[in-house]
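Below is one structure, written out as structure tokens; comments come after it.
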Amino acid sequence: MSEPLNPRRPRRNTWQPKPEISSLLRVSGNPINGVGEGTPRRPSPFFWHPPDQHPWGELQIVARQNSRKCPGSAEAFQAASSYPELNAVSATRNDAPAETLTEEVRRFALSNEADDIGIAPMDPLYVFDGYAIDHPLVIVLALAHNYERLREVPSDETNGVGVCDVGDQYAKGTRSSYTLANWIRAQGYQADPYPGPSAGALVLIPPAIAAGLGELGKHGSLINPRFGAGVRLAGVTTDMPLIPTSPRRFGADDFCSTCQVCTQACPPGAITPKKQMVRGVERWYVDFDKCIPYFAEAASCGICIAECPWTRPAVRPKLLATMARRLGEG
Ligand code: SF4
Ligand code: SF4
């Protein structure tokens with residue numbers, strides 16, 4: 001058997017959670033996420049919502065503490081949770097046509113740290129249960145990882161390069177979503193930002209897929225055609241009249257049906273090889289009860305997104321070409 005890629009990565013199925021972590025797993029997270037449910041429903045607020053509001057709150061606190069022990073991580077995540085002021089909505093409205101406003105939003109976002117942008121009509125299923133969002137549109141911003149830094153994951157006290165890149169992308173998401181919301185407000189429209197890593201009212205991957213920013217990978221993360229799985233997301237909801245962007249199928253979902261890179265690389269073996277029914281949708285699903293304990297011990301892990309072939313800059317163009325051919329033949 002070949003050696004692990006870096007000394008911080010245990011081989012698959014050789015890792016067991018520490019007793020102090022196991023003792024925090026009092027209920028399964030999979031039913032909370034809706035695994036096995038055939039009827040669509042809103043997601044339940046869970047991990048990364050306030051820790052006193054869900055049954056995995058203590059583990060979430062440990063996960064955060066372990067992440068912050070890594071060199072540079074506390075500063076990176078501090079920047080991600082430093083929220084700029086939100087300005088009042090201007091009384092004067094920019095009445096340009098939707099085409100013009102859409103192009104202006106796009107240009108503004110891309111020149112203010114976003115690496116990609118998509119727009120989706122709001123769907124009630126994008127809003128966590130118990131929350132409300134009135135705006136008719138979701139703008140999703142993609143923030144691309146630095147692959148050379150991301151591939152250093154997982155992080156620990158000796159090496160924080162990977163988790164710092166996670167924090168840096170979330171910090172970009174905070175700044176870019178707030179800056180865009182303020183720009184839209186200055187045009188006389190409502191806009192609210194929803195950056196990560198803490199969760200708020202809005203789920204981000206489903207509107208990102210609807211807006212053409214990517215497809216869902218077997219590892220449960222978005223695969224973007226330009227950046228692979230090395231992206232973080234931030235949202236802005238708005239009532240500005242904008243033209244939604246279309247979903248884009250480029251072959252990631254098809255490729256996942258035969259690829260096993262992430263299933264083999266995941267130390268706790270959390271990535272299930274077959275799609276499952278989750279809240280009325282048959283989709284890829286990561287076993288929450290297996291992933292999160294390792295994620296908590298290993299400073300936010302990230303191995304699956306770093307190892308995904310779509311994330312590797314040297315491989316992605318060939319994959320895109322191969323899958324374009326296959327989709328064309330199909
Ligand atoms: S590693 Fe392979 S199976 Fe996993 S998400 Fe990426 S392409 Fe899909
Ligand atoms: S983030 Fe979760 S699913 Fe991905 S490799 Fe780590 S433990 Fe596995």
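Screening Ile223 on (1) within 16 Å of ligand 2 (Cβ to nearest atom); (2) in a loop (DSSP other than H, G, I, E, B); (3) surrounded by 24 or more Cβ atoms within 10 Å (Cβ to Cβ) shows it passes everything except condition (2). Could you tell me whether segment 69-90 includes any residue that is exposed (fewer than 14 other Cβ atoms within 10 Å of the Cβ), part of a helix (DSSP H, G or I) and at pLDDT below 95? No. Checking every residue in segment 121-136 against the condition of being buried (at least 18 other Cβ atoms within 10 Å of the Cβ), hydroxyl-bearing (Ser, Thr, Tyr) and closer than 24 Å to Pro45 by Cβ gives at least one match.
Scanning segment 92-108 for any residue that is in contact with a Phe, Trp or Tyr (Cβ under 6 Å, 6 or more places away or on another chain) and either in a loop (DSSP other than H, G, I, E, B) or exposed (fewer than 14 other Cβ atoms within 10 Å of the Cβ) (or both) turns up nothing.
Going residue by residue through segment 186-200, is there one that turns out to be in a helix (DSSP H, G or I), more than 16 Å from ligand 2 (Cβ to nearest atom) and of a type in the set (Phe, Trp, Tyr)? Reasoning before the result, please.
Taking segment 186-200 first, the residues in a helix (DSSP H, G or I) are 186.
Right, trim to more than 16 Å from ligand 2 (Cβ to nearest atom) and you get 186.
If we keep only those that are of a type in the set (Phe, Trp, Tyr) too, we end up with none.
Looking through segment 186-200, none of the residues is in a helix (DSSP H, G or I), more than 16 Å from ligand 2 (Cβ to nearest atom) and of a type in the set (Phe, Trp, Tyr).
Which members of segment 253-268 meet the condition of being more than 10 Å from ligand 2 (Cβ to nearest atom) and buried (at least 23 other Cβ atoms within 10 Å of the Cβ)? Within segment 253-268, just Cys256 meets the criteria. Here is the figure for segment 252-270: residues that are more than 6 Å from ligand 1 (Cβ to nearest atom), within 14 Å of Ile303 (Cβ to Cβ) and outside any loop (DSSP other than H, G, I, E, B) total 3.
So that you can scan it fast, the table gives a plain yes or no per residue for (1) free of Cβ contacts under 8 Å to residues at least 12 places away in the same chain; (2) touching a helix residue (DSSP H, G or I) at 6+ places or on another chain (Cβ under 9 Å); (3) aromatic (Phe, Trp, Tyr):
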position	(1), (2), (3)
Ser67	no, yes, no
Gly72	no, yes, no
Ala79	no, yes, no
Tyr83	no, yes, yes
Ser90	no, yes, no
Arg93	no, no, no
Ala98	no, no, no
Thr102	no, no, no
Ser111	yes, no, no
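With the requirement that a residue be more than 8 Å from ligand 1 (Cβ to nearest atom) and within 19 Å of the chain's Cα centre (by Cα), what does segment 229-244 give you?
First, pick out the residues of segment 229-244 that are more than 8 Å from ligand 1 (Cβ to nearest atom): 230-244.
Residues satisfying the conditions are Gly230, Val231, Arg232, Leu233, Ala234, Gly235, Val236, Thr237.
Can you say whether Ile209 is within 13 Å of ligand 1 (Cβ to nearest atom) and closer than 19 Å to Gly196 by Cα, as far as the supplied structure shows? Spelling it out, it is not the case that Ile209 is within 13 Å of ligand 1 (Cβ to nearest atom) and closer than 19 Å to Gly196 by Cα. Just to be sure before I move on: is Gly214 crowded, with 18+ Cβ neighbours inside 10 Å and more than 16 Å from ligand 2 (Cβ to nearest atom) in the structure I sent? Criteria met by Gly214.
Of everything in segment 130-147 that is more than 19 Å from the chain's Cα centre (by Cα) and of a type outside the set (A, V, I, L, M), the residue that is farthest from Leu242 (Cα to Cα) is Gly130. Reported count of residues in segment 139-157, each being of a type in the set (A, V, I, L, M, F, W, C) and surrounded by fewer than 20 Cβ atoms within 10 Å (Cβ to Cβ), is 1.
Taking into account only those residues within segment 277-328 that are among the polar types (S, T, N, Q) and within 16 Å of ligand 1 (Cβ to nearest atom), which is surrounded by the most Cβ atoms within 10 Å (Cβ to Cβ)? Before you say what the answer is, go through the steps one by one.
So the first thing to find is which residues in segment 277-328 are among the polar types (S, T, N, Q), and the list is 300, 311, 322.
Still in the running and within 16 Å of ligand 1 (Cβ to nearest atom): 311, 322.
Numbers: Thr311: 25, Thr322: 12.
Result: Thr311.
Could you please let me know if Arg232 is buried (at least 20 other Cβ atoms within 10 Å of the Cβ), in contact with a Lys or Arg (Cβ under 9 Å, 6 or more places away or on another chain) and on the phi < 0 side of the Ramachandran plot?
Values: buried (at least 20 other Cβ atoms within 10 Å of the Cβ): yes; in contact with a Lys or Arg (Cβ under 9 Å, 6 or more places away or on another chain): yes; on the phi < 0 side of the Ramachandran plot: yes.
For Arg232, the condition - buried (at least 20 other Cβ atoms within 10 Å of the Cβ), in contact with a Lys or Arg (Cβ under 9 Å, 6 or more places away or on another chain) and on the phi < 0 side of the Ramachandran plot - is met.
Just one of (1) assigned to a strand (DSSP E or B); (2) over 30 Å from Trp183 (Cβ atoms); (3) among the hydroxyl-bearing types (Ser, Thr, Tyr) fails for Thr237. It is (2). Within segment 271-329, the set of residues being part of a loop (DSSP other than H, G, I, E, B), more than 16 Å from ligand 2 (Cβ to nearest atom) and in contact (Cβ under 8 Å) with a residue 24 or more places away in the chain comprises Arg279, Gly280, Pro313.
The values are calculated or read from the model by the stated rules, or taken from the named source; none is laboratory data. Values in this document were obtained by computation on a predicted structure and should not be read as measured data. Glycine also receives a Cβ, built like all others from the backbone with ideal geometry; neighbour counts cover every protein chain displayed.
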